[in-house]
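Working notes, beginning with the structure itself.
Computed from the coordinates by the stated procedures, all read-outs in this text should not be read as laboratory data. Computed from a predicted model, the values in this text were never measured in an experiment. Because the Cβ atoms are built from the backbone with ideal geometry, glycine has one as well, and the counts that use them run over all protein chains shown.
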């Protein structure tokens with residue numbers, strides 16, 4: 001975050017900070033919803049494949065963009081595994 005300019009009044013700085021808080025709050029809500037949806041998908045895939053779900057640290061309130069990307073990669077791998085299981089089951093079952 002940039003340092004406040006000395007030419008800004010306290011009211012201007014407060015308005016800027018409130019705007020930043022609103023922006024960050026919206027980002028938090030968005031990430032929490034993304035996390036909820038992804039964890040539900042992960043849970044379903046893991047249940048059908050008999051694998052362990054993606055680990056989210058209990059101390060973590062909101063995942064970073066990198067952690068969300070890692071979760072996306074995990075889900076993609078599970079989806080691929082499920083497709084392969086279905087494909088190979090068609091030939092062996």
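How big is Rg to Rh over the range 10-92, alpha-carbon atoms, Rh as the Kirkwood inverse-mean-distance radius?
Taking Rg over the Kirkwood Rh, I get 1.23.
Given an 8 Å cut-off on Cα distances and at least 6 residues of separation, report the relative contact order of the chain as a percent.
The normalised contact order for the chain reaches 28 percent.
How many nm separate the modelled label positions at residue 43 and residue 69, each set 7 Å beyond the Cα in the direction of the Cβ?
2.7 nm
Could you work out how much longer the chain between residue 30 and residue 83 gets when fully extended? Use 0.36 nm per residue separation minus the Cα distance between them, nm to one decimal.
Between residue 30 and residue 83, full extension yields an extra 16.2 nm.
What list do you get for 58, 76 if you sort them by fewest beta carbons within 10 Å?
Ordered by Cβ neighbours within 10 Å, fewest first: 58, 76.
Does anyone have the angle between helix 65-92 and the longest principal axis of the chain? Alpha-carbon axes, 0 to 90°, nearest 10?
For 65-92 against the chain, the angle is about 10 degrees.
Could you put 7, 19 in order, starting from the residue whose Cβ has the fewest other Cβ atoms within 10 Å?
With the sparsest Cβ surroundings first, the list reads 7, 19.
In what sequence do 86, 75 fall when counting other Cβ within 10 Å, fewest first?
By the 10 Å Cβ count, ascending, the order reads 86, 75.
Could you give the angle, 0 to 90 degrees to the nearest 10, between helix 10-49's Cα long axis and the longest principal axis of the Cα atoms of the chain?
10 degrees
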